[in-house]
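The structure under discussion appears below in the form of structure tokens.
The values are calculated or read from the model by the stated rules, or taken from the named source; none is laboratory data. Everything numeric in this text was worked out from a predicted model, so none of it was measured. No Cβ is skipped: glycine too gets one built from the backbone with ideal geometry, and neighbour counts run over all protein chains shown. Areas reflect the complete protein model, heavy atoms only, side chains present, ligands, DNA and RNA absent. Shrake-Rupley method; radii C 1.70, N 1.55, O 1.52, S 1.80 Å.
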Amino acid sequence: MPGRGRPAVLLMIFTLLLAGCSASGGSDTAESGPVRLSFWSPLRGSQEMVDEYNRTHTKIQVDFEQVPSGDQGGWAKLSNAARAGNAPDVATIEYPQLPGFAIDGVPRDITTMLPESVRRRIMPQAMDLTTFDGRTYAVPVDIEPMVFLYRKDLFTEHDIPVPKTWAEFESSARKLKEAQPRSRIASLFTTNGTLYLASYAWQAGARWYDTSGDTWRISMDDAPTRKVAAYWQRLLDDDLVRVEPASSQQWRAHLQSGETAGWLAGAWAAGSMMASTPGGKGKWAIAPLPQWDLKKPVLGTQGGSTFMVTKDSNHPKEALEFISWMITSADALRAKLSSGISSASPSVPDLVPVARKEMDTSYFSGQDIFGLFEKEAELIDPRWKWGPRMVSTISSGDDGLARAGAGSGTVLDALREAQSKTLPDLKSLGLSVTTH
């Protein structure tokens with residue numbers, strides 16, 4: 001990544017595979033009317049942003065289509081459209097999937113197209129996640145540092161300290177179980193759990209993907225990852241965490257009842273909590289994620305999205321102009337937030353006051369959650385890199401986590417299995433791959 005001494009292999013790969021989709025920012029704008037752009041996104045509030053943009057702009061108009069999120073259909077729809085040569089002008093993709101879509105040639109290289117006035121307003125930690133060896137392939141929408149949402153009433157009632165370190169987290173988990181035998185401090189997820197573990201490993205200093213010369217290196221069982229896996233395995237073996245699917249009815253029921261007293265997740269989770277667990281108002285608070293070493297605090301992210309200009313767009317200049325408005329405009333953010341509750345932390349720090357003003361945080365007793373998110377985002381380690389085929393990696397890891405939760409196999413086994421099943425996918429791309 002820029003300024004980090006990253007190897008040149010990414011630049012070589014992306015240059016070769018995207019040579020045909022880095023056209024200039026020109027446009028075949030018709031003189032008879034406004035440029036019409038197509039925009040696909042699963043993000044709530046997108047329609048409201050499009051409506052506001054169309055109301056206030058005349059030279060560019062946008063047609064919006066809501067698509068399913070993630071592997072529920074949105075990614076496949078975009079991939080299929082790109083293969084057919086009719087992808088929308090603008091599309092949404094999450095950070096972990098961006099490298100894979102870039103290698104497949106779906107986004108356009110916007111390095112020289114993105115105005116410096118826009119780039120410098122975006123948090124560097126967010127730009128790092130969309131930029132590979134100095135080439136930028138998407139614009140960050142939000143930046144989602146990991147935080148700890150917890151039932152402050154239960155912690156106070158049982159005199160349980162809010163953990164600042166992972167050692168304290170384990171101690172607090174034991175105290176909570178002793179005080180309320182049916183309650184657990186958090187959950188180990190069996191769906192999307194691999195992404196959560198990636199964030200923990202990221203924080204611990206792991207590098208699941210790296211490059212050396214012209215070779216990709218994958219290591220989902222390096223020393224930091226083994227430390228994280230052993231930690232969660234101990235919590236699992238000692239019955240200190242609940243094992244259940246993320247976002248499931250049973251998980252939300254446990255949050256609502258207090259049987260699950262915490263949630264380790266990205267900043268976006270605060271809004272999700274407010275919407276799905278209204279009865280928790282005044283009971284929940286948000287703290288920084290526990291650290292391994294308080295003297296050297298570091299974080300990973302969990303969640304977050306980007307906007308890309310696709311290679312199929314005939315209006316890349318106008319598409320990027322629309323994206324820039326969505327990312328940097330206070331009017332765009334207000335329109336987005338008018339659709340409902342959202343605590344996604346803006347990638348543009350100077351929009352934090354807008355988010356703070358628009359969102360009622362009485363659920364968290366008036367806590368300045370956006371201020372916390374902005375501060376924590378500065379701790380994100382920029383050295384992490386997502387791999388070219390994260391959908392496959394995540395699916396395989398989640399299968400292993402489900403078995404580990406059922407007592408068949410371990411957390412580390414799940415990650416090793418994800419690595420072994422990902423290797424063929426990487427080699428099928430023609431990439432040189434090694435493990436270490």
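Worth a mention:
- Residues of the range 346-436: accessible area per residue with a 1.4 Å probe, Å²: 42 Å²
- C-alpha long axis of helix 316-328 to longest principal axis of the chain, angle in °: 40 degrees
- Of the Cα atoms belonging to the range 114-212, the radius of gyration and Dmax stand at 18.9, 56 Å.
- Taking the helices alone, the chain has a mean residue ellipticity at 222 nm of -12000 deg cm²/dmol, built from -39,500 (n - 2.57) per DSSP H run of at least 4 residues and averaged over all its residues.
- Average accessible area per residue (Å²) across the range 49-134 - probe 1.4 Å, nucleic acids and ligands excluded: 41 Å²
- 0 to 90° range, to nearest 10: angle between helix 223-237 axis and the chain longest Cα axis: 50 degrees
- Principal-axis tilt of helix 74-83 within the chain, Cα atoms, nearest 10 degrees: 30 degrees
- Leading residue at positive end of dipole, the chain (Cβ point charges), from Gln97, Phe155, Leu264: Phe155
- Amide H contacts under 5 Å for Thr136: Ile110, Thr111, restricted to partners 5 or more places along the chain or on a different chain, H placed in the peptide plane at 1.01 Å from N.
- Cross-link partners of Lys152 among lysines, defined as those whose alpha carbon lies under 20 angstrom from its own and excluding same-chain residues fewer than eight positions apart: Lys164, Lys175, Lys177, Lys281, Lys283.
- Shape of the chain, Cα gyration tensor, a/c cut at 1.5: oblate
- The HN-Hα couplings worked out from phi for the range 174-190 by the Karplus form 6.51 cos²θ - 1.76 cosθ + 1.60 (θ = phi - 60°) are 5, 5, 5, 5, 5, 6, 9, x, 8, 9, 9, 6, 6, 10, 9, 7, 9 Hz, whole numbers, x standing for Gly and Pro.
- Total formal charge among the other residues, if their Cβ is under 14 angstrom from that of Arg226, Lys/Arg +1 and Asp/Glu -1: +1
- Bridge orientation summary for the chain: considering DSSP beta bridges with both residues in this region, about 60 percent are antiparallel.
- Our coupling estimate for the range 281-286, obtained by passing each phi through the Karplus curve with A = 6.51, B = -1.76, C = 1.60 and θ = phi - 60°, is 4, x, 9, 9, 9, 10 Hz, Gly and Pro reported as x.
- In summary, the aspartates and glutamates within cross-link reach of Lys385, defined as a Cα separation below 12 angstrom excluding same-chain residues under 8 places away, comprise Asp128, Asp133, Asp210.
- Rolling a 1.4 Å probe over the protein heavy atoms of the chain, with every protein chain left in place, gives an accessible area that is 49 percent carbon and sulfur.
- Averaging the Cα positions of each part gives two centres, and for the range 346-367 and the range 231-299 these lie 21 Å apart.
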